[in-house]
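Inspection log for the structure reproduced underneath, given as structure tokens.
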Amino acid sequence: MSVKVKICGLSRPEDVAAVAGAGAAYAGFVFFARSPRNLTLDDARALALEAPVGLAKVALTVDADDMLLDRITEAVPLDMLQLHGSESPGRVAEIKARYGLPVMKAVGVAGQEDLAALAGYEEVADQILVDAKPLKGAALPGGNGLAFDWRLIAGRKWARPWMLAGGLTPGNVAEAVRLTGARQVDVSSGVERAPGMKDAGLIRAFVEAARCG
């Protein structure tokens, strides 16, 4: 089975073209003001309309209220919502019911004690994003280039489709896939030449390496 790749934090039409050309399965658009990858609704809509059929368009939000989610979903044609804040399982269920879109919930992992939180989200989310927990006081909940000990989830059985994130690069993604058994991986800063600036060559190399894992 081929490994599916999500490239998150796209900001330019050429990023969408590079992601589609490399054969990635998901394109991620960030709606979080503190992120260097944050998009306006108009820019996100333009990028989403550039995406070819078959490339799933994912909106990343962080503890967004219904007003913001209403604006995003009304303006941007989307295939999935990614919740990357401290949303509770109940809030995940509310969002899924309100918008009728598949919902992916990100869960930060630093140690064994963090794995228990996954169970509650598996019951309500359509997919789980297993990410590295940000350092205390970090400005961003993801996209920090941090990895966690992948051995923590090696051999784990999952009730939902799941995706591995956190510190992945073209140089380590194959090993991450081998160690964890992940069939989906997510990258943002690992394919950038500067914060928020994607590199087409790194995107292509990442997708190729993921498939060799």
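We did not get these values from a lab; they are worked out from the coordinates using the rules stated. No experiment lies behind these values; they were computed from the predicted model shown. Note that each Cβ is placed from the backbone with ideal geometry, even for glycine, and that neighbours are counted across all protein chains shown.
Here are some notes:
- Using a Förster distance of 41 Å, the FRET efficiency for ASP70-TRP158 (Cβ separation, nearest 0.05): 0.85
- Annotation note: GluC sites (Glu not before Pro) in the range 25-134 located in DSSP loop regions with a Cβ neighbour count of at most 16 within 10 Å are GLU123.
- Using a Gaussian network model of the chain in which every pair of alpha carbons under 10 angstrom is joined by a spring, one finds that among VAL53, VAL109, VAL191 the greatest mean-square fluctuation is at VAL53.
- Inter-site label distance for GLU208 and GLN112 at 7 Å from Cα along Cβ, in nm: 4.0
- Cβ-Cβ distance of ALA200 and ALA33, R₀ of 35 Å, FRET efficiency by 1/(1 + (r/R0)^6): the value works out to about 0.85.
- Applying the criteria of a DSSP loop state and at most 12 other Cβ atoms within 10 Å to the trypsin sites (Lys or Arg not before Pro) of the range 10-80 yields ARG34.
- Under a Gaussian network description of the chain, with springs only between Cα atoms under 10 Å, the residue in GLN82, GLN112, GLN127 that fluctuates furthest is GLN112.
- Straight-distance candidates among the lysines for linking to LYS133, with alpha-carbon spacing under 18 Å and chain neighbours fewer than 8 residues away dropped: LYS105.
- Note on ARG178 and ASP149: the model spin-label points, each 7 Å out from Cα along the C-beta direction, lie 2.0 nm apart.
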